[in-house]
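Encoded as structure tokens, the structure appears first; notes follow it.
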Amino acid sequence: MTKSVLGIIGGSGIYDLPGLQNVREERIDSPWGEPSGPLRIGDIGGLPVVFLSRHDKGHRLSPSDINYRANIDILKRAGVTDLVSLSACGSFKEELPPGTFVLVDQFVDRTHLRQTSFFGKGCVAHVSMAHPVSPRLKHRLDEAAGKERIPVVRGGTYVCIEGPQFSTYAESMTYKTLGYSVIGMTNMPEAKLAREAEICYATVAMVTDFDCWHPEHDAVTVADIVGVMQDNSERAKRLVARLAADFPREHERCPVGSDRALDTALITAPEARDPELLKKLEAVAGRVLGR
């Protein structure tokens, strides 16, 4: 049976994971280019944990500059089976004020400048994104939050925009009218690539402020947002520590097939596949490419 390895991607305000023990920093080369930075590999309570700072230390990478393919590739190479994204976001709902943690279950991708797939010319694959979040992993996060007395909202839709600019008022009102819950700039194509790499994925969307639809939006200062981010960061680290402490040591099969996403996804005939692309796909798709 496969051993669980928990991956954590830290977003804005989360550049390390203090509870990580027996830590080593490792730079892993990726055929997809340069990842955001080195992996911090260690354990929490005996569970292997791998941490990656999405924007790197000092927040040197904008959402559009992040190499999402390289990030997911090196996490896969490090053996990650389950991946939690800790992500700052804005809110479209009065009932999701700053400081709220949302365990989202759906995404809308409004990005347009990013490489969204490991596959393409020479090896085509179509994975299902109907249920982009692993319900098993989301449930584990919910349980961990309850034990730490961290209130969470179960379910919601995260719309991912390209950035780095924030939305116009018209865009914000459109997203609100469509019923979206939160807005961010990083979870797509991250969630898509995790699915292609057969890694179970879940997001903790941490609200820092209301998006610009809100009448009090312009009164919010940078200091206000930084204060919320710091508080969110501390609670997120507690959440991860509890999640890791209680996490099953043997990987549990995903009920929506995240860990078997490529079983029926490859469409290019073996004899028509590009050998150079296959080399790049070795880590993310090696399980099925030899069939």
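Computed over the chain, the P(r) curve from all C-alpha pair distances, binned at 5 Å from the origin, holds 1, 6, 12, 17, 19, 18, 13, 8, 4, 2, 0, 0, 0 percent per bin. The H on the amide N of residue 53, modeled in the peptide plane, is under 5 Å from the matching H of 10, each at least 5 residues off or on a different chain. Would you mind checking the pairs 57/192; 76/121; 121/280; 93/237 and listing those with alpha carbons more than 19 angstrom apart? Distance filter (> 19 Å) returns 57/192; 76/121; 93/237.
Across all directions, the shadow cast by the convex hull of segment 216-257 built on its C-alpha atoms averages 5.3 square nanometres. The phi torsions of segment 155-163, fed into the Karplus equation with coefficients 6.51, -1.76 and 1.60 and a -60° offset, translate into couplings of x, x, 10, 9, 9, 9, 9, 5, x Hz, rounded to whole numbers, with Gly and Pro shown as x.
Using a Debye calculation, one point per C-alpha and no hydration shell, please list log10 I(q)/I(0) for segment 119-211 at q = 0.12, 0.18 Å⁻¹ in order. The Cα Debye sum returns log10 ratios of -0.49, -0.98. In order along segment 38-54, the Karplus-derived 3J(HN,Hα) couplings, from 6.51 cos²θ - 1.76 cosθ + 1.60 at θ = phi - 60°, round to x, 8, 9, 10, x, 8, 10, x, x, 8, x, 10, 10, 10, 10, 7, 4 Hz, and Gly and Pro are given as x. On the principal axes of its alpha-carbon atoms, segment 142-287 has extents of 61, 40, 25 Å, going from largest to smallest. Ordering 289, 239 by the number of other Cβ atoms within 10 Å of each residue's own Cβ, fewest first, gives 289, 239. When 72, 161, 9 are arranged by Cβ crowding within 10 Å, least crowded first, meaning fewest neighbours, the order is 161, 9, 72. Derived scalar couplings between HN and Hα for segment 75-82 equal 5, 5, 5, 7, x, 4, 9, 9 Hz in order, rounded to whole Hz, by the Karplus curve 6.51 cos²θ - 1.76 cosθ + 1.60 (θ = phi - 60°), x for Gly and Pro.
Since every read-out is calculated from the coordinates, none of them should be taken as a lab result. Bear in mind the structure is a predicted one, so any value in this text is a computation, not a measurement. When we count neighbours, we look across all protein chains shown, and the Cβ atoms used for this are built from the backbone with ideal geometry, even at glycine.
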